[in-house]
Structure formats: C-alpha cells, structure tokens
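Asks: Please read through the structure below; I'll follow up with questions.
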Amino acid sequence: MPKEDYEIVIGLEVHCELSTKTKIFCSCSTEFGGEPNTHCCPICMAMPGTLPVLNEKVVEYAVKAGLATNCKIAQNSKNDRKNYFYPDLPKAYQISQYDMPLCYDGYVNIETEEGEKTIRLERIHIEEDAGKLNHDDYGRGTFVDLNRAGVPLIECVSKPDLRSKEEVDAYLRKLKSIFEYIEISDCKMQEGSLRADVNVSVRKKGATEFGTRTEMKNMNSFRSISRAIEYEANRQIEVLENGGEITQETLRWDDISGKTFSMRDKEDAQDYRYFPDPDLVAIRLSDEYIENIKNSLPELPESRKKRYLEEYKLIPKAANFVTSSKYYSDLFEEAIAICKNPKTASNLLMSEVARILNEREEEPDQIPFSGKELGELVELIDKGTISSSISKKVLEELFENPKSPSKIIEEKGWIQISDEGAIKEVVSKILEANPQSVADFKAGKDRALGFLVGQAMKETKGKANPQMLNQLFLEELKK
Amino acid sequence: MANITREEIIHIAKLAMLNLSEQEIEHYTKDMQEILAYAEMINQIDTSDTDETIGATEQKNKFRKDEVMEFKTREDLLQNAPSQDEGMFQIPKVIN
C-alpha cells in the first residue's frame, strides 16, 4: 500500500519558558547564560529542609496563556510531584501539575491550504524546568549546571489534531506568536525557551482508531521538527508495510544523521507516581482575578489583522504575514507612524525582510533594527531619494550594521540620480550601444524598452530614478 | 479492599532504585498491605457533603512576589559536592 494511503496523526506538547524575573519556586534570577550555578540557591538545588513558594507571576502568565488560547481556567488547581531520577533534576522529582491543570479545553486556529483549521488544546499546566548537563570531550564525566533548574515553564498539550508537518509548523508558529503578543515568553527557540515533544503515529486513511505512537522529546527548531516528523512517519509506514508493529517508545531525533533512535527500552515503561506536593498549597482563583487578567490582555493577532485590513487597507496576504509575528507587527506599526505608507512598509517586510531572514536562517525576533529605520527607509523611497532596488540593499545593510538609512545611503553613495541632465546622458549612451533594441522598439516590440531601462539601471548601479528613465527613453525613442 | 502484590513491591523498589533481598521483598509486601489496610479506613467516610479539598490544610494561594534575590556564594552551594569542577557538580558520565 503506497504512502499516500496513510494518514499521519501528530500531537504536540509545547514547553515554553515564561519570562518572569525569578524562578517558579525561589527568588533566583531566570536570566539566560550566567556563569554555571550562579542563579541558584538552596531551594532550586534541593537542599534538605528548604521549601518552595510559588511565584505569583507564573500563575498570572499561565492564566494569560490559557485565556489567549480560548482555554477554560481552573478555579481550583494544585501542584504535583512527578518522580524520576535524572542528574539534571536535583530533587529527583519535578514539581508539575497532574490532574488539575490551571487551564484546559482550549483551541487555536491555524491557516492551512484547505482554509482555517481548529487545533484543540487539552490543557496548559505550570511546571519547573530542569538543569543542564554538560559533557566534556575528555571523558572526565558530566558537569551539572542548575541555573535553569526551577525556571518556570508552561506545557501546552494539544489533542492529536495535526495531520502534516505543515500543520505542525503553522500551529507552533501560531502558539509562538500568541505568547509573544501577550508577552509571557520571549519564545527564543535558539535559546531553548520554546521546545516541543512530538507524538507521531500513522494509520490507514479512513481508520477510526489511532495507531501506536512514538514520542520525540525536546525538539527546538522548526526545521528539525519538520524533518523528524517526515522521517518518523515514513519509518512507521515502512514497518507496517513490512508486516511489523510499532512499539510505543521515546525516540531521540539526531539532526546530523537525520534519523530517530530508540532511547529507553520498553521495560522501563514510565511510571512517574504523581502525587500532590505536600510542600505547596492549593491555587484557588476567583472570578474577579480571572476577569482582571482577561481585561489586561493586549491586542491579539486576530484583532490586529482585522484592523490592518480595515484601517490600513492591507491585502489579506499582507495582513496575515505582518501579524504572524509580534516582531513584524510592532515593527510595522512603528514604521507607519513615521512614513504613513502601510502598503510599502508591509511589502518590504513580506518580500525583502522575510527573504533576508530566511537566508540568514533567523527568526523575526532576531531583526536587529527597529520600526524607526524601516519607516525612514519607506520615506526615502516615497521621496524618490532612493529607488526600490536600492532599498533592498539598504535593508541588507540594516541587518549587518543597523543605523539610520539616510546615513547608510550617504556613506555608500546610493542616493538616487534624479538630475535630468545626468539621466539624459545615460539614456543617450545606452541607446547608442543598443541599436538593435531601438529598432525592435520602433518595430512595435514594447519589451525592448524594459531591456533598455534595465541596461541603464545596470550602468548607474541601480541609482537612476526609474520613472525618469522610462520617460526619457520614451521621449528619445519617439523622436 | 486494598491489596498490593509482591510484583508491585518489586516494581516500586526498582523505581526507587532499591535493591531488595528476597526476605525484604516479603517483609515489605506484608508491611505495605497492613499500611494500605489501615488507610482503607478513609474510604469508609461519607464525603458526599464535603467540598473538594486540595492538600491537608485549608490554606490557599501562598504566593511570592516576582523579585530577584541573589544567593551570592556559589562555594557554599557546592561545598558538599563529592566532586566539582569549574563551578559545576562533577558526576559520572551520563550517557544520552
């Protein structure tokens, strides 16, 4: 049976580090990248006799996340211990939530090729992150850094509603964008503040039962997640096609070989022996508390999109694109406050900025300049100081060396040539050098004009004012 | 009626990384059965009129403000580690 006869079923557990100042149960800083074990104290290092106290911001941020993803908020909730041994977990249990998560029964909508699709969220709960194990190359052992131990996380568990790697990508980007908008996390995948456990199974199309699933843990790039899903689904189909069975197990994705490997043997089937943490008390949230948080939520992407379509008359494609990330959206709003040209500003983001990010394999949060620079750039185009082809070069320069676009074009000598005499000179030179094109144009081939303008642009390194070039060529050719 | 089997005791011991002798397995199975039988009493209580309880006390919402307080001395935190290097706990190699 060919691959096309199978359906891929994917569920995601997304872990997102909250951007609180302090850890979930102690007052240590959550800052990324400090010297080893300098953001630690007896509590997050699990010294005997210490007691955890829950950070109020963690509850607030998790409730925000729940409200922004259409979840119900539990008025009664608690923390539980998840027991397992691993050296990055100093207490030998992780404080998490088991049967009473803070948020449950939510959903987010994603754009797919077949239109909008709803992905249901089973729950969002709060828990603590583990430390980091460093392995050295000399076989001296493993080194434990507990700076990250106790950093607050929310875990968002989706229903197995995803059917392709494209849907997974759209879903992850949607969650990331929502969490950025409500400012509960910086969602930097490269720093591990957003990572996902991916559950994959396959079944024959039309089947009602799910197949046996495998889980790939701690994936932290869109690209690896996509590749891993594709590989794992194909592997499972092949096993089934050869008459084999899928074993429910945890797999490790290896980015270098592009394969999955088995991590634990079946015998060690996970048994976390969850139980309520006796060191922590009940979390009981009043209607008023939840209502206050609801009222404090900033404008979400859906609403911004609506505004861009109505107020700024963006086309749907542009509105979707600009609101796909808070970083694009904020950049856009800051830019149009300066240049008052939503169309050009959104076009530059959608075509040029996205292209450059893609080439650099970076995400919108890594854009090194602000809306001020973008706005100024659009103004320079609108005023005719630079051509649109130069604006692309300015954007590239902004990524390398962010500063005022007018400074950049001045330093690089990229100011558009709008001097009629200078342009006439170029026009005459190009006409002289291309008699065939001139003849073609006169014979009715309008395309020849485009070629001539292109040659003139090349001659001036893109600096000639394109409208003036067009006009002067036409004048000369019609003589 | 609460009961626990010998196999469950072995499983729990394994999860807790305990190596039990045959004699100990027998001993703990019996002990655990007695403990569970005693705790079974709770199930006899009629709780139909009781609100959902969370934890052993009525306490709720003991929160902390999100304000950083540095614990300044890493040396103190690491002082009891059997082995350390470059400010980190050094442990036997963990194989991924």
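The values are calculated or read from the model by the stated rules, or taken from the named source; none is laboratory data. Note that the structure is a prediction, hence the values are computed from the model and not measured. Here the Cβ is made from the backbone with ideal geometry for all residues, glycine too, and neighbour counts use every protein chain on show.
Asks: Within region A:72-103, how many residues are surrounded by 17 or more Cβ atoms within 10 Å (Cβ to Cβ) and touching a helix residue (DSSP H, G or I) at 6+ places or on another chain (Cβ under 8 Å)?
Replies: Number satisfying all stated conditions: 4.
Asks: If you take the residues of region A:443-478 that are surrounded by fewer than 16 Cβ atoms within 10 Å (Cβ to Cβ) and small (Gly, Ala, Ser), which of them is nearest to residue A:389 (Cα to Cα)?
Replies: Ranking the candidates gives A:454 first.
Asks: Next question, about the same structure. Tell me which strands (runs of 3 or more DSSP E) are completely within region A:110-171 and hold 3 or more residues being in contact with a helix residue (DSSP H, G or I) (Cβ under 7 Å, 6 or more places away or on another chain) and at pLDDT 95 or above, or say none if there are none. It would help to see each step written out before you state the result.
Replies: Numbers: elements: A:115-128, A:132-135, A:142-145, A:152-158.
Per the criteria, A:115-128, A:152-158.
Asks: Got a sec? Which of A:314, A:309, A:251, A:280 is outside the structural domain of residue A:363 (by TED's automatic domain parsing) and within 30 Å of residue A:170 (Cβ to Cβ)?
Replies: Details: A:314 fails: outside the structural domain of residue A:363 (by TED's automatic domain parsing); A:309 fails: outside the structural domain of residue A:363 (by TED's automatic domain parsing); A:280 fails: within 30 Å of residue A:170 (Cβ to Cβ).
The unique qualifying residue is A:251.
Asks: Condition first: without any contact (Cβ under 8 Å) to a residue 12 or more places away in the chain and aliphatic (A, V, I, L, M). Now tell me which residues in region A:443-478 satisfy that.
Replies: Residues satisfying the conditions are A:443, A:448.
Asks: Please go through region A:19-74 and pick out each residue that is touching a Lys or Arg at 6+ places or on another chain (Cβ under 6 Å) and more than 10 Å from chain B (Cβ to nearest Cβ).
Replies: A:46, A:67
Asks: Could I ask something else about it? Just give me the residues in region A:99-121 being of a type in the set (Asp, Glu) and either under 15 Å from residue A:174 (Cα atoms) or in contact with a Phe, Trp or Tyr (Cβ under 7 Å, 6 or more places away or on another chain) (or both), in sequence order.
Replies: Start the filter on region A:99-121 by keeping residues that are of a type in the set (Asp, Glu), which leaves A:99, A:105, A:111, A:113-114, A:116.
Passing the criteria: A:111, A:116.
Asks: If you check residue A:306 against the conditions, is it away from every other protein chain (no Cβ under 14 Å) and at pLDDT 95 or above?
Replies: no
Residues are listed down the side, and each one gets a yes or a no for (1) in a helix (DSSP H, G or I); (2) outside the structural domain of residue A:336 (by TED's automatic domain parsing); (3) under 28 Å from residue A:325 (Cα atoms):
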position	(1), (2), (3)
A:358	yes, no, yes
A:403	no, no, yes
A:425	yes, yes, no
A:437	yes, yes, no
A:448	yes, yes, no
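Asks: Regarding residue B:57, is this residue surrounded by 10 or more Cβ atoms within 10 Å (Cβ to Cβ), away from every other protein chain (no Cβ under 12 Å) and hydroxyl-bearing (Ser, Thr, Tyr)? Outline the logic, then answer.
Replies: On the way: surrounded by 10 or more Cβ atoms within 10 Å (Cβ to Cβ): yes; away from every other protein chain (no Cβ under 12 Å): no; hydroxyl-bearing (Ser, Thr, Tyr): yes.
In short, no.
Asks: Another question, then. From the list A:393, A:412, which one is touching a Lys or Arg at 6+ places or on another chain (Cβ under 8 Å), exposed (fewer than 14 other Cβ atoms within 10 Å of the Cβ) and of a type in the set (D, E, K, R)?
Replies: Details: A:393 fails: exposed (fewer than 14 other Cβ atoms within 10 Å of the Cβ).
The conditions single out A:412.
Asks: Quick check on region A:389-399. Is at least one of its residues at pLDDT 90 or above, in contact with a Phe, Trp or Tyr (Cβ under 6 Å, 6 or more places away or on another chain) and closer than 30 Å to residue A:185 by Cα?
Replies: yes
Asks: Residues to consider are A:31, A:35, A:56, A:60; find the one that is among the acidic types (Asp, Glu) and touching a His at 6+ places or on another chain (Cβ under 7 Å).
Replies: On the way: A:35 fails: touching a His at 6+ places or on another chain (Cβ under 7 Å); A:56 fails: touching a His at 6+ places or on another chain (Cβ under 7 Å); A:60 fails: touching a His at 6+ places or on another chain (Cβ under 7 Å).
None of the other options fit; the residue is A:31.
Asks: Quick check on this structure: which one of A:293, A:283 is at pLDDT 95 or above, in a helix (DSSP H, G or I) and hydrophobic (A, V, I, L, M, F, W, C)?
Replies: The unique qualifying residue is A:293.
Asks: Kindly indicate whether residue A:86 is within 14 Å of another protein chain (Cβ to nearest Cβ), assigned to a loop (DSSP other than H, G, I, E, B) and aromatic (Phe, Trp, Tyr). I'd like the intermediate steps shown before the answer.
Replies: Numbers: within 14 Å of another protein chain (Cβ to nearest Cβ): yes; assigned to a loop (DSSP other than H, G, I, E, B): yes; aromatic (Phe, Trp, Tyr): yes.
When the stated conditions are applied, residue A:86 passes them.
Asks: Then there is this: Looking only at residues in region B:60-82 that are facing chain A (nearest Cβ under 8 Å) and in a helix (DSSP H, G or I), which one is farthest from residue A:151 (Cα to Cα)?
Replies: Here the residue is B:78.
Asks: Here is a list: A:363, A:379. Which entry is over 25 Å from residue A:170 (Cα atoms) and at pLDDT below 95?
Replies: Working: A:363 fails: over 25 Å from residue A:170 (Cα atoms).
Residue meeting the stated conditions: A:379.
Asks: In this structure, is residue A:53 buried (at least 19 other Cβ atoms within 10 Å of the Cβ) and of a type outside the set (S, T, N, Q)?
Replies: Working: buried (at least 19 other Cβ atoms within 10 Å of the Cβ): no; of a type outside the set (S, T, N, Q): yes.
Against the criterion (buried (at least 19 other Cβ atoms within 10 Å of the Cβ) and of a type outside the set (S, T, N, Q)), residue A:53 does not qualify.
Asks: Quick check on region A:243-266. Is at least one of its residues part of a helix (DSSP H, G or I) and either surrounded by 14 or more Cβ atoms within 10 Å (Cβ to Cβ) or free of Cβ contacts under 8 Å to residues at least 12 places away in the same chain (or both)? I'd like the intermediate steps shown before the answer.
Replies: Taking region A:243-266 first, the residues part of a helix (DSSP H, G or I) are A:266.
From what is left, the residues that are either surrounded by 14 or more Cβ atoms within 10 Å (Cβ to Cβ) or free of Cβ contacts under 8 Å to residues at least 12 places away in the same chain (or both) are none.
No, there is no match, as no residue in region A:243-266 is part of a helix (DSSP H, G or I) and either surrounded by 14 or more Cβ atoms within 10 Å (Cβ to Cβ) or free of Cβ contacts under 8 Å to residues at least 12 places away in the same chain (or both).
Asks: Just to be sure I understand the filter: pairs with C-beta atoms under 6 Å, separated by 6 or more residues or on different chains, first member in region A:269-289 and more than 9 Å from chain B (Cβ to nearest Cβ), second member modelled with pLDDT of 95 or more and in a loop (DSSP other than H, G, I, E, B). Which pairs pass?
Replies: Qualifying pairs under 6 Å: A:274/A:98; A:279/A:51; A:279/A:52.
Asks: Residues in region B:83-95: is at least one assigned to a loop (DSSP other than H, G, I, E, B), at the interface with chain A (Cβ under 7 Å from one of its Cβ atoms), under 25 Å from residue B:11 (Cα atoms) and within 24 Å of the chain's Cα centre (by Cα)? Walk me through how you get there before you give the answer.
Replies: Here is the first cut: in region B:83-95, the residues assigned to a loop (DSSP other than H, G, I, E, B) are B:83, B:86-87, B:92-95.
Okay, now just the ones that are also at the interface with chain A (Cβ under 7 Å from one of its Cβ atoms), so B:86-87, B:92-94.
When the remaining residues are screened for being under 25 Å from residue B:11 (Cα atoms), the result is B:94.
With the extra rule that they be within 24 Å of the chain's Cα centre (by Cα), the set shrinks to B:94.
Yes, because at least one residue in region B:83-95 is assigned to a loop (DSSP other than H, G, I, E, B), at the interface with chain A (Cβ under 7 Å from one of its Cβ atoms), under 25 Å from residue B:11 (Cα atoms) and within 24 Å of the chain's Cα centre (by Cα).
Asks: Counting only residues that are over 12 Å from residue A:12 (Cα atoms) and surrounded by fewer than 17 Cβ atoms within 10 Å (Cβ to Cβ), which one in region A:208-220 is nearest to the chain's Cα centre (by Cα)?
Replies: Of everything passing the filter in region A:208-220, A:220 is nearest to the chain's Cα centre (by Cα).
Asks: From the list A:432, A:373, which one is outside the structural domain of residue A:223 (by TED's automatic domain parsing), surrounded by 15 or more Cβ atoms within 10 Å (Cβ to Cβ), free of Cβ contacts under 8 Å to residues at least 40 places away in the same chain and of a type outside the set (Val, Ile, Thr)? Quick ask: steps written out before the conclusion?
Replies: Details: A:432 fails: surrounded by 15 or more Cβ atoms within 10 Å (Cβ to Cβ).
One residue alone meets the criteria, A:373.
Asks: Can you name the number of the only condition in (1) under 16 Å from the mean Cα position of the chain (by Cα); (2) part of a loop (DSSP other than H, G, I, E, B); (3) of a type outside the set (Asp, Glu) that residue A:177 fails?
Replies: Going through the list (1) under 16 Å from the mean Cα position of the chain (by Cα); (2) part of a loop (DSSP other than H, G, I, E, B); (3) of a type outside the set (Asp, Glu), residue A:177 breaks only (2).
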